[in-house]
Amino acid sequence: IINGSLSTGVVPAALKAAVIRPTLKKTGADVSVIENYRPISTLPFTSKLFEKVVYQQLVSHLPDSDLFEVFQSGFRSGHCTESALLRVLNDIYLSLDQGTSVVLLLLDLTAAFNTVDHAILLDRLERWVGIKGSALDCFRSYLHNRTFCVKLGDVSSSWEGLRWGVPQGSILGPLLFAIYLLPLGSIFRKHGLSFHLYADDCQIYSPLCHEKGHSIQSVVSCVNELKSWLMANVLHLNDGKTELIVFHPNSRNVDRHVDLGPLSRYSKPVVTSLGVKLDAGLKFDAH
């Protein structure tokens, strides 16, 4: 079945049918409130085998061809939230040791995995990753005509089409999402900002030059361009969960006033980066 799918570029419909079971996020939560449930998607075992074969080939092709974003720590062997946090905090400490303030912006995307546009993703696979021919047809077949039903106890809904997003509960889904976000790196580099990604969590940070009055114009310009890119790629920035903090060096001679401009609404005394609470003094008391 797997070899046949890879050679013909066709993924059987039976391998693309997901059963979603709503599960309470917290024990004792109100069962009548829909927001209290987390949808757990279950795919056929054979589809997992198929995806594992494709995943191993794709995940070896990306680094061999120098295509993977170097500052993406999600879904990569030898990378985790710890390695991402170590990288970001080390860069911040180095700037602070040089007497330079640092601004850190934590971006959050709304339901990012669920809004991925299949046409854009296939274009990314072809133009950015170089997948063509029957291999691209295989990905096209994998994404198209997917179905799902919701099952609660012994009761099931009717089968419906899944026209957007990467398959939840799949092996390929997270890697495909990382490929979907590949152009982000060029936007951050264009504005001269440091960044680190972990899945859909994005951290942008930059030292604030004292000679330029601690201007954050490059960050503001980057965020404006980022919002336009997200809109064009059917993604949305969650303003409610976007956070900003400014770290200052331990020096009385440093002017601590930073004009955050339009980003001031995101400013908080304590922010959460990949589960770790960071305060302006990096004392970790809040954590």
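Just one of the numbered conditions (1) surrounded by 14 or more Cβ atoms within 10 Å (Cβ to Cβ); (2) under 23 Å from the mean Cα position of the chain (by Cα) is not true of K52: (1). Just one of the listed residues (R140, R146, R124) is more than 30 Å from V258 (Cβ to Cβ) and open to solvent by 60 Å² or more (accessible area, probe 1.4 Å), namely R140.
Screening region 102-150 for residues that are of a type in the set (F, W, Y) and more than 16 Å from the chain's Cα centre (by Cα) and picking the one that is farthest from L176 (Cα to Cα) gives F148. The set of residues in region 90-99 being out of contact with any Phe, Trp or Tyr (no Cβ under 9 Å at 6 or more places or on another chain), of a type in the set (S, T, N, Q) and assigned to a helix (DSSP H, G or I) consists of N90 alone. Hey, can you tell me all the residues within region 32-47 that are assigned to a helix (DSSP H, G or I) and in contact (Cβ under 8 Å) with a residue 24 or more places away in the chain? Those that are assigned to a helix (DSSP H, G or I) and in contact (Cβ under 8 Å) with a residue 24 or more places away in the chain: T46, S47.
I want to confirm something. Restricting to region 105-121 and keeping residues that are aliphatic (A, V, I, L, M) and in a helix (DSSP H, G or I), which single residue is surrounded by the fewest Cβ atoms within 10 Å (Cβ to Cβ)? Selected residue: A119.
Here is a check on your reading of the model: is C202 in a helix (DSSP H, G or I) and of a type outside the set (D, E, K, R)? Outline the logic, then answer.
On the way: in a helix (DSSP H, G or I): no; of a type outside the set (D, E, K, R): yes.
Taking the combined requirement at face value, the residue does not satisfy it.
The condition of being touching a Phe, Trp or Tyr at 6+ places or on another chain (Cβ under 8 Å) and open to solvent by 30 Å² or more (accessible area, probe 1.4 Å) holds for only one of R189, R87, that being R87.
Among the residues making up region 153-182, a single one is on the phi > 0 side of the Ramachandran plot and surrounded by 20 or more Cβ atoms within 10 Å (Cβ to Cβ): G165.
Residues checked against (1) open to solvent by less than 30 Å² (accessible area, probe 1.4 Å); (2) modelled with pLDDT of 90 or more; (3) at negative phi:
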{"site": "A199", "(1), (2), (3)": "yes, no, no"}
{"site": "S215", "(1), (2), (3)": "no, no, yes"}
{"site": "W229", "(1), (2), (3)": "no, yes, yes"}
{"site": "T272", "(1), (2), (3)": "no, yes, yes"}
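Under the condition of being part of a loop (DSSP other than H, G, I, E, B) and touching a His at 6+ places or on another chain (Cβ under 7 Å), which residue from region 63-84 is least open to solvent (accessible area, probe 1.4 Å)? So that I can check it myself, show each step before the final result.
Residues of region 63-84 part of a loop (DSSP other than H, G, I, E, B): 65-71, 73-80.
Now narrow it down to the ones that are touching a His at 6+ places or on another chain (Cβ under 7 Å): 71, 73.
Values: F71: 50, S73: 3 Å².
That would be S73.
What about F50, is it closer than 16 Å to Q168 by Cα, of a type in the set (F, W, Y) and in contact (Cβ under 8 Å) with a residue 24 or more places away in the chain? Walk me through how you get there before you give the answer.
Values: closer than 16 Å to Q168 by Cα: yes; of a type in the set (F, W, Y): yes; in contact (Cβ under 8 Å) with a residue 24 or more places away in the chain: yes.
Answer is yes for this residue.
Taking the condition surrounded by 14 or more Cβ atoms within 10 Å (Cβ to Cβ), of a type in the set (V, I, T) and assigned to a helix (DSSP H, G or I), does V102 pass?
For V102, the condition - surrounded by 14 or more Cβ atoms within 10 Å (Cβ to Cβ), of a type in the set (V, I, T) and assigned to a helix (DSSP H, G or I) - is not met.
Here S134 meets the list (1) assigned to a helix (DSSP H, G or I); (2) of a type in the set (S, T, N, Q); (3) at pLDDT 95 or above almost entirely, failing just condition (3).
The values are calculated or read from the model by the stated rules, or taken from the named source; none is laboratory data. If you're wondering where the values come from, they're calculated on a predicted model, not measured in any experiment. Reconstructed Cβ throughout: ideal geometry from the backbone, glycine too, with neighbour counts over all protein chains shown. The accessibility values were calculated without ligands, DNA or RNA, using every heavy atom of the protein model including side chains. Shrake-Rupley method; radii C 1.70, N 1.55, O 1.52, S 1.80 Å.
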